[in-house]
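Asks: Quick one: this structure, given as structure tokens, is what I'll be asking you about.
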Amino acid sequence: MRLFLLLIAISLVCLGLQFEPLASQVNWHRYLINHGQWWRILTGNFTHTNFAHLGMNLAGLWVICFVFKPSAKSLLLCLLAVSVSIGVFNFFTSMNGYVGLSGALHGIFAYFATLEALQERKSSWLLVAGVMLKVTWEMTMGAAQSTSDMINAPVAVESHLIGALSGLVFALMLYLIKKKSQPLPHEQ
């Protein structure tokens, strides 16, 4: 039930940030961040170019949560961590502006798929490989033109890559931290 409430809250925040004057106050904008508007590093992920973009991203979020069934706490922490990573690492791209949840969705998917795979659910390695192949395809061949047409903007494939890599790295870090904190069999 808590996950359902969190998903509703995220959806309502994203919906609210679609309207002016909020939308222009929260988008990721290189120049404005460089001039002290640091909140945009996080908040740019939660506004979208249009309602088709918003609907597509929110549907993706809900489907990912249906598939992986994370706790509300783990989803929120992962979403925030991946969103901040995207906001920071976008500075290493040529982007001047960014909006949308899709980079974070790639990160959330990669995070939960990697955790499952590391916890001995071998089939989840196919999910990890799938998301990495998708972002590799986008980086080399470009995103689907139909998607760009629908959202009225180029697809920020760099953010998809940053998100997916962030999710993968965060899952590996969590796994290694948990593994290190477990006593060895001869220590029990």
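Asks: When the solvent-accessible surface of protein heavy atoms is calculated with a 1.4 angstrom probe, in what order do K73, K134 fall, highest first? Spell out each step's value before the answer.
Replies: Values: K73 145, K134 85 Å².
The residues order as K73, K134, largest area first.
Asks: Would you work out which of W137, N57, L80 lies farthest towards the positive end of the dipole of the chain, given +1 charges on the beta-carbon of Lys and Arg and -1 on that of Asp and Glu, about the Cα centre?
Replies: It is L80, whose Cα lies furthest towards the positive end.
Asks: Report the relative contact order of segment 1-181, percent, no decimals, based on alpha-carbon pairs under 8 angstrom and at least 6 residues apart.
Replies: About 25 percent, as a whole number.
Asks: Right, something else. Of W38, W28, which has the most accessible area with a 1.4 Å probe, and how do the rest follow in descending order? Mind showing how you got there, number by number?
Replies: Details: W38 165, W28 5 Å².
Heavy-atom accessible area, descending, gives W38, W28.
Asks: Of all the accessible heavy-atom surface of the chain, with the other protein chains kept in place and a 1.4 Å probe, what percent is carbon and sulfur? Don't skip to the answer; put the middle values down first.
Replies: Details: 7320 of 10350 Å².
Reported share for carbon and sulfur atoms: 71 percent.
Asks: Another question, if that's okay. Per DSSP helix of 4 or more residues, -39500 (n - 2.57); summed, then divided by the residues of the chain. What does that give at 222 nm, rounded to the nearest 500?
Replies: Numbers: 10 runs with 132 residues, N = 188.
Dividing the helical sum by the residues of the chain leaves -22500 deg cm²/dmol.
Asks: A follow-up question, please. Each label point is 7 Å from the Cα along the Cα-to-Cβ direction; what then is the distance between the points at M173 and Q145, in nm?
Replies: So the label points at M173 and Q145 sit 4.0 nm apart.
Asks: Report the paramagnetic label zone for K180: residues of segment 95-137 whose backbone N is under 19 Å from a point 7 Å from Cα along the Cα-to-Cβ axis.
Replies: Inside the label zone: 115, 118-119.
Asks: Once the Cα atoms of helix 72-89 and of the chain are each reduced to a long axis, what angle between those two axes, in degrees from 0 to 90 to the nearest 10, is obtained?
Replies: With both axes taken from Cα atoms, the answer is about 60 degrees.
Asks: Next question. Using Cα atoms only, what is the angle between the long axis of helix 102-118 and the major principal axis of the chain, expressed in degrees (0 to 90) to the nearest 10?
Replies: Tilt relative to the chain: about 10 degrees.
Asks: Counting only heavy atoms of the protein chains, get the accessible area per residue of the chain (1.4 Å probe) and round it to a whole Å² value.
Replies: Working: 10350 Å² over 188 residues.
In whole numbers, the chain has 55 Å² accessible per residue.
Asks: Where in segment 137-170 is the amide nitrogen less than 16 Å from a point lying 7 Å along the Cα-to-Cβ axis of F92?
Replies: Within reach of a label on F92: 157-170.
Asks: Under 1.5 on a/c is rounded, so check that first for segment 13-78, then, if it is not, pick prolate when a/b is larger than b/c and oblate when it is not; a ≥ b ≥ c are the square roots of the alpha carbon gyration tensor eigenvalues. Show your work: numbers first, answer last.
Replies: Details: a/c = 2.90, a/b = 1.60, b/c = 1.81.
Since a/c reaches 1.5 but b/c is at least a/b, the shape of segment 13-78 is classed as oblate.
Asks: Grab the Cα-Cα distance for W125 and W62, subtract it from 0.36 nm times how many residues apart they are, and report the gain in nm with one decimal. Write out the running numbers ahead of the final one.
Replies: Details: separation 63, 0.36 × 63 = 22.68 nm, distance 2.14 nm.
Taking 0.36 nm per residue and subtracting the Cα distance, the gain is 20.5 nm.
Asks: How long, wide and thick is segment 1-181, going by the Cα atoms along their three principal axes, in whole angstroms, largest first?
Replies: Cα spread of segment 1-181 along its principal axes, largest to smallest: 46, 39, 31 Å.
Asks: May I have the extent of the alpha carbons of segment 122-188 along their three principal axes, as whole Å values ordered from largest to smallest?
Replies: Dimensions of segment 122-188 along the principal axes of its Cα atoms: 59, 20, 18 Å.
Asks: A further question on this structure: Nearest 10 degrees, 0 to 90: what angle lies between the long axis of helix 2-16 and the longest principal axis of the chain (Cα atoms)?
Replies: Approximately 20 degrees, to the nearest ten.
The values are calculated or read from the model by the stated rules, or taken from the named source; none is laboratory data. This is a predicted model, so every value here is computed, not measured. Positions of Cβ are backbone-derived with ideal geometry, glycine not excepted, and every protein chain shown enters the neighbour counts. Ligands, DNA and RNA are excluded from the accessible area calculation, which covers all protein heavy atoms including side chains. Shrake-Rupley method; radii C 1.70, N 1.55, O 1.52, S 1.80 Å.
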